[in-house]
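First comes the structure, then the notes that go with it.
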Amino acid sequence: MYSTARIEPCRRPGFALVAVLWLLLLLSVIGGMLLRGAESERDGALTEIALTDARLLADAGINRAILSVANPQDPLKWRLDGTAQTLHLLGHDVDVSVESEAAKIDLNLAPRDLLAALFRSRGVAPGDAGDIADRIVAWRSPLAPGEPDEAADRYRDAGRSYRPTHEPFGSIDELRLVFGMTDALQAGLVSAVTVYSRNPSVDRQVAGTIVLRALEEAGDTLAASQRAARDKGHASGVDRAPVLGEALRITARVANGQVTVLRTAVIRVTGDRRVPYWVLAWR
């Protein structure tokens with residue numbers, strides 16, 4: 001004979017309440033995750049918009065500087081030593097500077113002794129400074145027909161996968177490939193070297209402190225007085241007008257909320273009324 005047990009319904013309302021509360025908690029967590037994802041996408045979109053606005057403002061600042069440089073009658077004037085001034089565009093401040101590339105040491109034309117002096121002035125030992133200068137000259141110098149490429153052997157023996165191009169440097173970034181260069185040394189030279197000046201010498205009037213120190217190291221007695229005047233804020237010639245064929249680096253900086261954008265253009269003044277300048281680089 002089988003006994004039967006009566007199954008009573010659950011009479012513990014607390015258990016059902018806990019289950020409901022857990023379900024609500026789970027739904028709130030999922031909802032919070034979805035909300036945070038939506039907020040993240042919104043913030044990302046707002047950041048992209050701010051970046052785009054800042055880039056457009058920076059480019060507008062560069063174009064305004066180009067217009068004033070190309071027109072001697074423009075009331076907006078620039079110092080060619082890289083001193084920045086603030087332009088007010090569409091309710092925003094745009095910091096813009098104009099710097100002559102003639103103020104820098106040209107990697108393709110500077111004499112070997114000036115290059116060595118530049119490295120010595122940056123703390124490189126004299127022997128090493130001379131070696132790096134020799135390698136820069138070898139990098140940019142074409143080989144004569146039938147001349148062995150001894151520099152290529154040196155790079156191969158050092159485990160490099162490339163060799164000197166024996167052509168002019170295309171950019172200052174290419175300097176990092178020269179045997180003996182380091183990231184730290186390259187970073188310290190960015191403001192002092194160029195590939196755009198087309199001149200083996202340097203215009204002291206607009207040269208910066210690093211270049212003036214290099215000129216002093218090379219024995220230029222006038223560089224010291226120019227640097228002293230620069231330190232006192234009354235160096236002569238920094239407000240001269242650009243000359244025909246001169247390359248100018250124009251930099252614009254815009255802070256838009258939490259976004260900061262830096263844009264740079266390099267132009268060459270032509271003096272041609274139809275095409276008053278050439279754009280050499282813009283990034």
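The values are calculated or read from the model by the stated rules, or taken from the named source; none is laboratory data. Everything quoted here is computed from the prediction, not taken from an experiment. Cβ atoms come from the backbone with ideal geometry, glycine included; neighbour counts cover every protein chain shown.
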Flagged in region 185-239 as of a type in the set (A, V, I, L, M), in contact (Cβ under 8 Å) with a residue 12 or more places away in the chain and loosely packed, with under 15 Cβ neighbours inside 10 Å, in numbering order, are 190, 222, 224
Being modelled with pLDDT of 95 or more and surrounded by fewer than 18 Cβ atoms within 10 Å (Cβ to Cβ) is the requirement here; does residue 109 meet it?
yes
Just for helices (runs of 4 or more DSSP H) wholly inside region 87-167: which have at least 3 residues that are within 24 Å of residue 204 (Cβ to Cβ)?
112-121, 126-140
Of everything in region 65-86, what is over 20 Å from the mean Cα position of the chain (by Cα), part of a helix (DSSP H, G or I) and in contact (Cβ under 8 Å) with a residue 12 or more places away in the chain? Give them in sequence order.
69, 70
